[in-house]
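See structure below.
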Amino acid sequence: MVVEGPRGDEMVGCSHSLAFSTYGWKVFKVLVQVVCYAICLFHIADMDSGACPSLFPLHRCKTVHLVRHAQGIHNVEGDKDFKAYMSPEYFDAHLTRLGWQQVDNLCKHVHTCGLAKRIELVITSPLMRTLQTAVGVFGGEGYTDGMDVVPLMVANAGNSDRAAISSLNCPPIIALELCRERERGHPCDNRRNISDYRVLFPAVDFSVAKSDKDTFWRPEGGETKEEVAARGLKLINWLWTRKEKEIAIVSHGGFLFNTLTAFGNDCHPLVKEEIRKSFANCELRSMVIIDRSMIGSDSSRTNYPGGIPAGLDPPSDVVADKKTEKGPDNNSAL
């Protein structure tokens, strides 16, 4: 078939060409949609991988200040020879004199930077070295006889050669089994009876402990890294049952390291490395945890609903959309 084009030239097979052109246009539009969809998926993947900033409601977040205990007597020989950790003489290891100096330095830091006034709750592992670290860093000033408060720690608790520590003007301290050290049968990780601790640390809350005796520790050990990480996630989920928004956790190097290895996969490699690095004795590291799964139920302390008193205040773009739907204003030219 031959027809004359708009300029007088001949067009061969015009009907077929027009049909092909229409079909080709539809294919082109589909391809454009696919490419746009792929670009969207790419950007979403970038956000999930931490390439883009994230935004979360403040009341769905908590700030946690992670602290590894100060130097214990087991650390001195254990750092030289790992087998020393199996020595019975390090049962429920207490802090060294250097460890107490580390506690004093961290205590000074949290007061200087203002952190001491912001922390609402302290969670500690129920072992001697973590209890001493927790009360030494976050406790009140020296306790004197006649004070109308119960001391956090009595004098010379755990061979500390330290004065009693007051519970005045300090956050509550709760001992929690969930943040104990990885269980590998080391005597230094075997705790005393809770009833013994209550005498040494009268103002510490041991009510969460399920047993007076240590039913967690086993001489044969055997807790895997994966089990420690799972226990750490249980601790974080437990934190969402608390109303406090800024919490300190005093724990152990192995527990903190294995717990934090479960995090950081959605972050930049350098951030991931920062999250997962090992803790030094008496190191404090501040983190933010986010409630992505609506585990917590607290409402915002700072959000304000607005519209009080109520009035007509639709956003300007909503007004513009409604005006567009109605069509041009006939009086606009007047």
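The values are calculated or read from the model by the stated rules, or taken from the named source; none is laboratory data. Predicted, not measured: the structure shown is a model, and the values here were computed from it. No Cβ is skipped: glycine too gets one built from the backbone with ideal geometry, and neighbour counts run over all protein chains shown. Heavy atoms of the whole protein, side chains included, go into the accessibility calculation; ligands, DNA and RNA do not. Shrake-Rupley method; radii C 1.70, N 1.55, O 1.52, S 1.80 Å.
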Looking at region 172-230, which of its residues are closer than 22 Å to VAL154 by Cα, open to solvent by 10 Å² or more (accessible area, probe 1.4 Å) and among the hydroxyl-bearing types (Ser, Thr, Tyr)?
SER195, SER207
Of the residues in region 51-87, how many are part of a helix (DSSP H, G or I), in contact with a strand residue (DSSP E or B) (Cβ under 9 Å, 6 or more places away or on another chain) and not basic (Lys, Arg)?
2
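Please work out which residue is modelled with the highest pLDDT, limiting yourself to region 286-301 and to residues that are open to solvent by 100 Å² or more (accessible area, probe 1.4 Å) and not aliphatic (A, V, I, L, M). Walk me through it before giving the result.
First pass over region 286-301, keeping only residues open to solvent by 100 Å² or more (accessible area, probe 1.4 Å): 292, 294, 297, 301.
Checking which are not aliphatic (A, V, I, L, M) leaves us with 292, 297, 301.
Values: ARG292: 81, SER297: 71, ARG301: 85.
Looking at the filtered set, the residue picked out is ARG301.
Does GLY264 meet the test of being open to solvent by less than 30 Å² (accessible area, probe 1.4 Å) and at positive phi? Even if it seems obvious, please write down each step before you answer.
Values: open to solvent by less than 30 Å² (accessible area, probe 1.4 Å): yes; at positive phi: yes.
Criteria met by GLY264.
Return the residues of region 131-160 that are touching a helix residue (DSSP H, G or I) at 6+ places or on another chain (Cβ under 8 Å) and under 17 Å from ASP104 (Cβ atoms); say none if nothing qualifies.
To start, the set of residues in region 131-160 that are touching a helix residue (DSSP H, G or I) at 6+ places or on another chain (Cβ under 8 Å) comprises 131-133, 136-138, 152-154, 157-158, 160.
Of everything in region 131-160, those that are touching a helix residue (DSSP H, G or I) at 6+ places or on another chain (Cβ under 8 Å) and under 17 Å from ASP104 (Cβ atoms) turn out to be LEU131, GLN132, THR133, GLY136, VAL137, PHE138, LEU152, MET153, ALA157, GLY158, SER160.
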ASP104 passes all but one of (1) free of Cβ contacts under 8 Å to residues at least 40 places away in the same chain; (2) part of a loop (DSSP other than H, G, I, E, B); (3) of a type in the set (Asp, Glu); which number fails?
(2)
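In region 117-171, which residue that is in a loop (DSSP other than H, G, I, E, B) and of a type in the set (S, T, N, Q) is most open to solvent (accessible area, probe 1.4 Å)? Walk me through it before giving the result.
Here is the first cut: in region 117-171, the residues in a loop (DSSP other than H, G, I, E, B) are 119-120, 125-127, 139-141, 143-152, 154-164, 166-171.
Applying the additional criterion that residues be of a type in the set (S, T, N, Q) yields 125, 144, 156, 159-160, 166-167, 169.
Values: SER125: 0, THR144: 79, ASN156: 84, ASN159: 112, SER160: 11, SER166: 2, SER167: 32, ASN169: 148 Å².
It comes out as ASN169.
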